[in-house]
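The values are calculated or read from the model by the stated rules, or taken from the named source; none is laboratory data. These numbers were taken from a predicted model, which means no experiment stands behind them. Cβ atoms come from the backbone with ideal geometry, glycine included; neighbour counts cover every protein chain shown. For accessibility, only protein heavy atoms count, side chains too; no ligands or nucleic acids. Shrake-Rupley method; radii C 1.70, N 1.55, O 1.52, S 1.80 Å.
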Amino acid sequence: GIPLYMETVTSEHLNIAKLLSKRIDAFSLDKLVGLYLLQKEFPIEGKRISYHPQPIESWPYRLIFTDSPQGSTFVKAFNQGLKKLKDSGQVQQLLDDAAKGVYLRP
(Lines give C-alpha, C1' and ligand atoms only; values in the text may rest on other atoms or scores of the structure.)
Protein backbone atom coordinates (compact mmCIF):
# COMPACT_ATOMS: atom_id res chain seq x y z
CA GLY A 1 0.00 0.00 0.00
CA ILE A 2 2.97 2.38 -0.18
CA PRO A 3 4.31 3.81 -3.42
CA LEU A 4 7.82 2.61 -4.15
CA TYR A 5 10.41 3.95 -6.52
CA MET A 6 13.12 1.46 -7.40
CA GLU A 7 16.48 1.87 -9.09
CA THR A 8 19.56 -0.26 -9.52
CA VAL A 9 23.07 0.63 -8.36
CA THR A 10 26.49 -0.79 -9.13
CA SER A 11 27.41 -1.45 -5.51
CA GLU A 12 25.82 -1.84 -2.11
CA HIS A 13 28.27 0.82 -0.90
CA LEU A 14 26.29 3.36 -2.96
CA ASN A 15 23.01 2.28 -1.38
CA ILE A 16 24.45 2.74 2.11
CA ALA A 17 25.71 6.19 1.14
CA LYS A 18 22.23 7.05 -0.21
CA LEU A 19 20.64 5.79 2.98
CA LEU A 20 22.97 7.91 5.13
CA SER A 21 22.29 11.00 3.02
CA LYS A 22 18.52 10.30 3.22
CA ARG A 23 18.22 9.97 -0.56
CA ILE A 24 16.53 6.60 0.03
CA ASP A 25 14.57 5.22 2.98
CA ALA A 26 15.43 1.53 2.73
CA PHE A 27 16.98 -1.16 0.59
CA SER A 28 17.24 -4.93 0.67
CA LEU A 29 20.56 -6.56 1.54
CA ASP A 30 21.82 -9.71 3.25
CA LYS A 31 22.20 -8.94 6.96
CA LEU A 32 25.81 -10.13 7.30
CA VAL A 33 26.88 -8.34 4.13
CA GLY A 34 25.25 -5.13 5.34
CA LEU A 35 26.78 -5.35 8.80
CA TYR A 36 30.20 -6.04 7.28
CA LEU A 37 29.95 -3.00 4.98
CA LEU A 38 28.77 -0.76 7.81
CA GLN A 39 31.55 -1.90 10.14
CA LYS A 40 34.27 -1.78 7.48
CA GLU A 41 33.32 1.21 5.31
CA PHE A 42 31.08 3.32 7.58
CA PRO A 43 32.19 2.58 11.16
CA ILE A 44 30.93 5.87 12.63
CA GLU A 45 28.04 6.89 10.36
CA GLY A 46 26.81 3.31 10.13
CA LYS A 47 25.61 3.43 13.72
CA ARG A 48 22.68 5.51 12.41
CA ILE A 49 21.47 2.56 10.33
CA SER A 50 19.51 -0.41 11.60
CA TYR A 51 17.79 -3.37 10.05
CA HIS A 52 14.48 -5.11 10.51
CA PRO A 53 14.92 -8.48 12.23
CA GLN A 54 12.44 -10.21 9.90
CA PRO A 55 14.09 -10.95 6.53
CA ILE A 56 12.18 -10.17 3.35
CA GLU A 57 13.45 -13.42 1.89
CA SER A 58 16.04 -16.02 2.78
CA TRP A 59 18.28 -18.22 0.69
CA PRO A 60 20.36 -21.14 1.90
CA TYR A 61 24.09 -20.86 1.47
CA ARG A 62 25.56 -22.98 -1.31
CA LEU A 63 28.95 -24.47 -2.05
CA ILE A 64 29.69 -25.71 -5.55
CA PHE A 65 31.97 -28.64 -6.34
CA THR A 66 32.99 -30.21 -9.64
CA ASP A 67 30.93 -33.15 -10.86
CA SER A 68 33.73 -35.70 -10.50
CA PRO A 69 34.88 -38.41 -8.11
CA GLN A 70 37.13 -35.87 -6.39
CA GLY A 71 34.22 -33.42 -6.14
CA SER A 72 32.06 -36.16 -4.54
CA THR A 73 34.82 -36.82 -2.01
CA PHE A 74 34.97 -33.12 -1.17
CA VAL A 75 31.17 -32.94 -0.79
CA LYS A 76 31.16 -35.83 1.68
CA ALA A 77 34.06 -34.40 3.69
CA PHE A 78 32.49 -30.94 3.73
CA ASN A 79 29.09 -32.26 4.82
CA GLN A 80 30.64 -34.29 7.64
CA GLY A 81 32.60 -31.29 8.88
CA LEU A 82 29.59 -28.98 8.61
CA LYS A 83 27.43 -31.40 10.57
CA LYS A 84 30.02 -31.46 13.38
CA LEU A 85 30.15 -27.65 13.42
CA LYS A 86 26.34 -27.37 13.47
CA ASP A 87 25.94 -30.02 16.17
CA SER A 88 28.49 -28.25 18.38
CA GLY A 89 26.85 -24.84 17.90
CA GLN A 90 29.96 -23.45 16.23
CA VAL A 91 28.18 -22.46 13.00
CA GLN A 92 25.83 -20.16 14.90
CA GLN A 93 28.73 -18.80 16.96
CA LEU A 94 30.70 -18.04 13.78
CA LEU A 95 27.69 -16.24 12.26
CA ASP A 96 27.11 -14.28 15.47
CA ASP A 97 30.80 -13.30 15.61
CA ALA A 98 30.70 -12.21 11.95
CA ALA A 99 27.69 -9.99 12.71
CA LYS A 100 29.65 -8.40 15.57
CA GLY A 101 32.64 -7.67 13.32
CA VAL A 102 34.99 -10.09 15.08
CA TYR A 103 36.64 -11.13 11.80
CA LEU A 104 37.20 -7.66 10.34
CA ARG A 105 40.75 -6.95 9.26
CA PRO A 106 42.16 -3.56 10.23
Computed helical MRE - 222 nm, the chain, DSSP H runs ≥ 4 contributing -39500 (n - 2.57), nearest 500: -15000 deg cm²/dmol
Please give the charge dipole size of the chain, origin at the Cα centre, charges +1 on K and R Cβ atoms and -1 on D and E Cβ atoms. Round to the nearest 20 debye. 260
Lysine pair count for the chain [Cα-Cα under 19 Å; pairs on different chains or 8 or more apart]: 11
Could you give me D for the stretch 63-106, from Stokes-Einstein at 25 °C and 0.890 mPa s, where the hydrodynamic radius is the Kirkwood radius over C-alpha pairs? Units µm² s⁻¹, please. 202
Solvent-accessible heavy-atom area per residue, rounded to whole Å², over the chain at 1.4 Å: 88
For Thr66 paired with Asp87, estimate the spin-label separation in nm (one decimal), with each label point 7 Å from Cα along the Cα-to-Cβ line. 3.1
Excluding ligands, DNA and RNA, the carbon-plus-sulfur percentage of the accessible area of the chain with a 1.4 Å probe reads 59
By how many degrees, 0 to 90 and rounded to 10, does the Cα axis of helix 69-88 deviate from the longest principal axis of the chain? 70
Hey, what does the equivalent ellipsoid look like for the chain, semi-axes from the Cα gyration tensor as sqrt of 5 times each eigenvalue, largest first, whole Å? 33, 18, 14
Positive dipole terminus of the chain, leading residue within Leu94, Pro3, Leu32 (C-beta point charges): Leu94
